[in-house]
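Remarks on the structure that follows.
The values are calculated or read from the model by the stated rules, or taken from the named source; none is laboratory data. Model, not experiment: these values are computed from the prediction. Please note: Cβ atoms are built from the backbone with ideal geometry, for glycine as well, and neighbour counts cover all protein chains shown.
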Amino acid sequence: MAELLNVQGLRSGYGEAVVVQGIDLTLEQGQSLALLGCNGNGKTTLLNTLVGVTRRHAGRIVLAGVDLTALAPHQRAAAERDHRRAEPAHDPADHAACRGAGPRCGRA
């Protein structure tokens, strides 16, 4: 599968305060990720940094081969829309099949 999201060495926070640091992750097309943690552990800060509304202190964010690191939030949203237009249509049955066990989602 093609790489959809790549985050390397992400560090972010509010003002000079660093809230999230050392984030490295890669998601392939079709994969999902769950962010779990107690209140105050940086889940929202991470998501806000990925979309560009929280200050990034260091690191790199790449979506479908496009480096979003220096882009403003509205430019990141446009890049995501462009990516969605370019990807092939999905069969709704694939989503329904993955709600339970079955061979279509690899949980037979």
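Key figures for this structure:
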quantity	calculated
Enumeration of residues in region 58-69 that are crowded, with 17+ Cβ neighbours inside 10 Å and over 13 Å from the mean Cα position of the chain (by Cα)	GLY59
Criterion (surrounded by 16 or more Cβ atoms within 10 Å (Cβ to Cβ) and at pLDDT 90 or above) met by exactly one of GLY37, GLY13, GLY9	GLY13
Qualifying positions in region 36-55 - over 16 Å from ASP67 (Cα atoms) and in contact with a Leu (Cβ under 7 Å, 6 or more places away or on another chain)	LYS43, LEU46
Residue ID - farthest from the chain's Cα centre (by Cα), chosen from residues in region 28-45 that are closer than 18 Å to TYR14 by Cβ and among the small types (Gly, Ala, Ser)	GLY40
Within region 70-100, considering residues that are at pLDDT below 65 and surrounded by 11 or more Cβ atoms within 10 Å (Cβ to Cβ), the one nearest to GLN8 (Cα to Cα)	GLU87
Residues (assigned to a loop (DSSP other than H, G, I, E, B) and on the phi > 0 side of the Ramachandran plot) located in region 18-36	GLY30
Out of ARG11, ARG60, sole residue that is touching a Gly at 6+ places or on another chain (Cβ under 8 Å), among the basic types (Lys, Arg) and under 19 Å from ALA78 (Cα atoms)	ARG60
Any chance ASN48 is surrounded by 15 or more Cβ atoms within 10 Å (Cβ to Cβ), modelled with pLDDT of 90 or more, under 15 Å from the mean Cα position of the chain (by Cα) and not in a helix (DSSP H, G or I)	no
